[in-house]
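Presented below is the structure to which this report refers.
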């Protein structure tokens, strides 16, 4: 078992206080948006061993079988998941993640063109897809998946004006109508966007239908942070989701989504591929984004753990990762054997816990915000104590 030091990401949408409070450190007054716990080459965590401190990606590569185990090494050849602590203080970009095939093709094409990985115009950072799941530590709000078609038609029709062409295109049968509608929205001129914002502001106060009022209120909320951004209009067609602490939401490849605020833990496939629709000053590749969107994604997969369970496993329909949440004090024995084998990343979410690996007599005590990398060769893991443990593993 090895303590991890996460890689900080200071994006401008990050809270200046939430992450330091969680980690028990002093704020430096700068945004602290994400803490990466994993081995992605653009932001690996660091780990300290007999040879000194090095990136987790290099640590794993030096002994793949010992760290990954035969099963995970044969299937992936690397640590297949990435864990992040996430602290948005304001909305971040509406985005989608590509399928593995699209990511691989896009990455190789940009490599062929010689676009550097750190170039702001770079779209594909690696060859992997990025299904992800967010677990709410505090109340966590976001947008995810397309609303039912009839709701979208209602909103576009009530605002009308510049949105009438998009509403008409929505009438084309099947997913083609959804695609044409979204193309029309992202193609709005700046003048049309401002017109829509004005109409939405009025309807958020006066419209008799509560769904229209709340959707238009979301447009206004986003416009306060991103005035004139086309993502404010795109929000009309996405579900507004509020996760209570302890709830999780899974987002498959191609599902449009945005996180609006709160504090959470993400587990995802080991990728940094993000295709943006709006609410951002970063590069937007419209063609790649439209090619990645799943226009059938019209529901939101929200799950919660049983109140009395000592351990609950959130297992989405992907091979890369699963997440367990464990509260050892709920077990009658006072300790709990954690699920999973292979490489694991463990994060203490509150209070403190004691962690023991099958292959060692040592017991490590960790507190809120601390994390461990547990290689396959450590065998099973047992925890005790008053805290809550999140464990990412390969199912």
Being part of a strand (DSSP E or B), assigned by TED's automatic domain parsing to the domain that holds residue 381 and in contact (Cβ under 8 Å) with a residue 12 or more places away in the chain is true for just one of 324, 341. Which residue is that? 324
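Okay, residues lined up against (1) farther than 30 Å from residue 248 by Cβ; (2) touching a helix residue (DSSP H, G or I) at 6+ places or on another chain (Cβ under 6 Å); (3) assigned by TED's automatic domain parsing to the domain that holds residue 89; (4) surrounded by fewer than 19 Cβ atoms within 10 Å (Cβ to Cβ):
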residue	(1), (2), (3), (4)
159	yes, yes, no, no
179	no, no, no, yes
192	yes, yes, no, yes
199	yes, yes, no, yes
208	yes, no, no, yes
Only one of (1) under 14 Å from residue 254 (Cα atoms); (2) surrounded by 18 or more Cβ atoms within 10 Å (Cβ to Cβ); (3) in contact with a helix residue (DSSP H, G or I) (Cβ under 9 Å, 6 or more places away or on another chain) is not met by residue 278, so which one is it? (1)
Please work out if residue 267 is in a strand (DSSP E or B), farther than 28 Å from residue 175 by Cβ and touching a residue at least 24 places away in the same chain (Cβ under 8 Å). yes
Read through the list (1) modelled with pLDDT of 95 or more; (2) within 27 Å of residue 365 (Cβ to Cβ), then give the number of the only condition that residue 30 fails. (2)
Per the filter on the stretch 108-145, residues surrounded by fewer than 21 Cβ atoms within 10 Å (Cβ to Cβ) and in contact (Cβ under 8 Å) with a residue 24 or more places away in the chain are 117, 120, 121, 122, 125, 126, 127, 138, 139, 141
Going by the conditions given, is residue 185 part of a helix (DSSP H, G or I), under 26 Å from the mean Cα position of the chain (by Cα) and under 14 Å from residue 155 (Cβ atoms)? yes
Selected residue [under 24 Å from the mean Cα position of the chain (by Cα), more than 19 Å from residue 302 (Cα to Cα), modelled with pLDDT of 95 or more and crowded, with 16+ Cβ neighbours inside 10 Å] from 236, 290, 260: 236
Candidate set: the stretch 2-24, residues that are part of a loop (DSSP other than H, G, I, E, B) and touching a residue at least 60 places away in the same chain (Cβ under 8 Å); chosen: the one farthest from the chain's Cα centre (by Cα): 24
Give just the number: which of (1) over 30 Å from residue 44 (Cβ atoms); (2) buried (at least 19 other Cβ atoms within 10 Å of the Cβ) does residue 299 not satisfy? (2)
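For every residue, the table says whether it meets (1) in the same structural domain as residue 89 (by TED's automatic domain parsing); (2) touching a strand residue (DSSP E or B) at 6+ places or on another chain (Cβ under 9 Å); (3) under 22 Å from residue 319 (Cα atoms).
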position	(1), (2), (3)
213	no, no, no
222	no, yes, no
248	yes, yes, yes
262	yes, yes, no
292	no, yes, yes
Being assigned to a helix (DSSP H, G or I), more than 27 Å from residue 130 (Cβ to Cβ) and either under 20 Å from the mean Cα position of the chain (by Cα) or not assigned by TED's automatic domain parsing to the domain that holds residue 388 (or both), is that true of even one residue in the stretch 43-50? no
Looking at the stretch 57-77, can you tell me whether even one residue there is assigned to a loop (DSSP other than H, G, I, E, B) and crowded, with 16+ Cβ neighbours inside 10 Å? yes
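The values are calculated or read from the model by the stated rules, or taken from the named source; none is laboratory data. Since we're looking at a predicted model, the values are computed, not measured. Please note: Cβ atoms are built from the backbone with ideal geometry, for glycine as well, and neighbour counts cover all protein chains shown.
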